[in-house]
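The values are calculated or read from the model by the stated rules, or taken from the named source; none is laboratory data. Not measured: the values here are computed from a predicted model. In this analysis, Cβ positions are derived from the backbone assuming ideal geometry, glycine residues included, and neighbour counts consider all displayed protein chains.
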Amino acid sequence: MKRLFLILFVFLGLLQSVQSQNIRLSDEAEISVLTCGASDLIHAIYGHTAIRVNDPVRHWDVVFNYGVFSFNAPNFVYRFAKGKTDYLLAPERYDSFYDGYVRNGRSVLEQVLNLTKEEKQLLLDFLIDNAKPENREYRYNFFHDNCATRVRDVIENQVEGAVLFASAGEGRTFRQHAEDYQKILPWTNFGIQLVLGSPSDRLASAYDEMFLPAYLYRQFAEATISHNGETRSLVKATNVIYQAEEVTVSWVTIYSPELILLLALLVVFWNSLRQIKSQRVRYGVDYLLLSIHGIIGLILLWFFIYSEHPAMKANYNQLWAVALNLPFVFLWMIKKWRPLFRWYWVVLSAWLLLFFPLSLFLPQQFIPGFYLLVAMLLCRSLLHSWFILKGNS
């Protein structure tokens, strides 16, 4: 707690210092883009981007960071889910910034920008103004307005002329790009894949890909500035400030959702076969699976209705995670009501069977774990349908 207060005190002190000065850069000043490696922390799995302003003559070395959570926003998790997450631009001493990333084992790469003295001054003046309390907050959008895209946009707008990037991307979707980083946390990836809707399956252009710091780094390395018929490289020097060990991740581990859900499916299938042979149905597994599907469906419905995240709209996972399964659980628990609702199992079987071929034509990617969840409930609904159609239930 003491460390947290110290960081906050230093941040507020530096912010006041920056805003109160009329800083004129010397001829030796440099402005660079810092690209920081990813980690296994949920908020850092995609990496990070920031702007460094270093003037050795003025003894002034500050990092402008667009990736700071707003201190004034209560209920952060709820606001994040709802799409009302406010981030802010915060200045930070370079040595403090560097020490934090080295301590967490995250690489720091620097691209020194090829700017004129006037462009450097314009860029610094903008950053100082943008860091003022009335300007520093912005509404975070994971794919289109984050720490990386803010850095790109600021630099584009402050140079004289046009910044030219690559004209073509890799031909991959937003979801596929994000998934490459999320695989370091398999269950986190499972949850994110669940709430991302079909907008995340749109192909990302080269410009769009810069929502990821590593892609911004690659694009800046090849970018040029065109002005009055002359062209110059955007980056004039690249420095490896700190190189951390690369973390290798396997898609399949003992903790991976796919492996655990596959084992669960085998258990459900074996349990269902035993009940068919004994001609006696037990409902414990049904209650569990219906509740899981129903709760997922209810969460996705909440995101669809209330969340402002564009990427969470039009989520076709609601086709298999049916929210109606949740009230059906409670209805099915009441023995005398079961004859009234038994045909729900038959309808559910037909619906889930239809999902498998239908999913191949939907504009959304479904990961294997989702099919395993569907197969588990389908196994149980087919069991009930078999008994119902035979007249045994």
Take segment 307-357 and flag every residue that is in contact with a Lys or Arg (Cβ under 7 Å, 6 or more places away or on another chain) and not polar (S, T, N, Q).
GLU308, TRP332
Taking strands (runs of 3 or more DSSP E) that fall entirely within segment 209-317, which contain at least 2 residues that are within 23 Å of GLY169 (Cα to Cα) and not aliphatic (A, V, I, L, M)?
224-227, 230-233
Would you point out the residue of segment 317-340, among those that are buried (at least 17 other Cβ atoms within 10 Å of the Cβ) and closer than 11 Å to GLY294 by Cβ, that is nearest to the chain's Cα centre (by Cα)?
ALA321
Please specify each residue of segment 102-128 satisfying the condition of being of a type in the set (D, E, K, R) and more than 29 Å from the chain's Cα centre (by Cα).
LYS117, GLU118, GLU119, LYS120, ASP125
How many residues does segment 141-152 hold that are among the polar types (S, T, N, Q) and in a helix (DSSP H, G or I)?
1
Taking the options ASN114, ASN135, name whichever one is over 30 Å from ARG202 (Cα atoms), assigned by TED's automatic domain parsing to the domain that holds GLY229 and touching a Ser or Thr at 6+ places or on another chain (Cβ under 7 Å).
ASN114
Which residue, of LYS313, LYS390, is free of Cβ contacts under 8 Å to residues at least 12 places away in the same chain and among the charged types (D, E, K, R)?
LYS390
Qualifying position, being closer than 16 Å to VAL268 by Cβ, assigned to a helix (DSSP H, G or I), modelled with pLDDT of 95 or more and not acidic (Asp, Glu), among LEU358, LEU352, LEU326
LEU352
Residues of segment 281-334 classified as in contact with a strand residue (DSSP E or B) (Cβ under 9 Å, 6 or more places away or on another chain) and among the hydrophobic types (A, V, I, L, M, F, W, C), total
1
Do the conditions hold for PHE126, that is, is it surrounded by 14 or more Cβ atoms within 10 Å (Cβ to Cβ) and more than 22 Å from ALA44 (Cβ to Cβ)?
yes
Considering only segment 41-60, how many residues are in contact with a helix residue (DSSP H, G or I) (Cβ under 9 Å, 6 or more places away or on another chain) and either in a loop (DSSP other than H, G, I, E, B) or at pLDDT below 85 (or both)?
4
Condition check for ASP180: at pLDDT 95 or above and outside the structural domain of TYR306 (by TED's automatic domain parsing):
no
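Listed here are the residues, each with its yes/no results for (1) of a type in the set (D, E, K, R); (2) part of a helix (DSSP H, G or I); (3) within 13 Å of the chain's Cα centre (by Cα); (4) on the phi < 0 side of the Ramachandran plot.
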| residue | (1), (2), (3), (4) |
| --- | --- |
| VAL154 | no, yes, no, yes |
| GLU160 | yes, no, no, yes |
| GLY169 | no, no, no, yes |
| GLU179 | yes, yes, yes, yes |
| THR188 | no, yes, yes, yes |
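To keep it simple, each residue is scored yes or no on (1) touching a strand residue (DSSP E or B) at 6+ places or on another chain (Cβ under 8 Å); (2) charged (D, E, K, R); (3) surrounded by fewer than 20 Cβ atoms within 10 Å (Cβ to Cβ).
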residue: ASP145; (1), (2), (3): yes, yes, yes
residue: SER167; (1), (2), (3): no, no, yes
residue: GLU170; (1), (2), (3): no, yes, yes
residue: GLU179; (1), (2), (3): no, yes, yes
residue: TRP187; (1), (2), (3): no, no, yes
residue: ASP201; (1), (2), (3): yes, yes, yes
residue: ALA206; (1), (2), (3): no, no, yes
residue: PRO213; (1), (2), (3): yes, no, no
residue: GLU246; (1), (2), (3): no, yes, yes
Could you list, in sequence order, all residues of segment 144-184 that are touching a helix residue (DSSP H, G or I) at 6+ places or on another chain (Cβ under 8 Å), acidic (Asp, Glu) and closer than 30 Å to LEU194 by Cβ?
GLU170, GLU179
Quick one: which of VAL374, VAL281 is within 28 Å of the chain's Cα centre (by Cα), touching a residue at least 12 places away in the same chain (Cβ under 8 Å) and over 18 Å from SER200 (Cβ atoms)?
VAL374
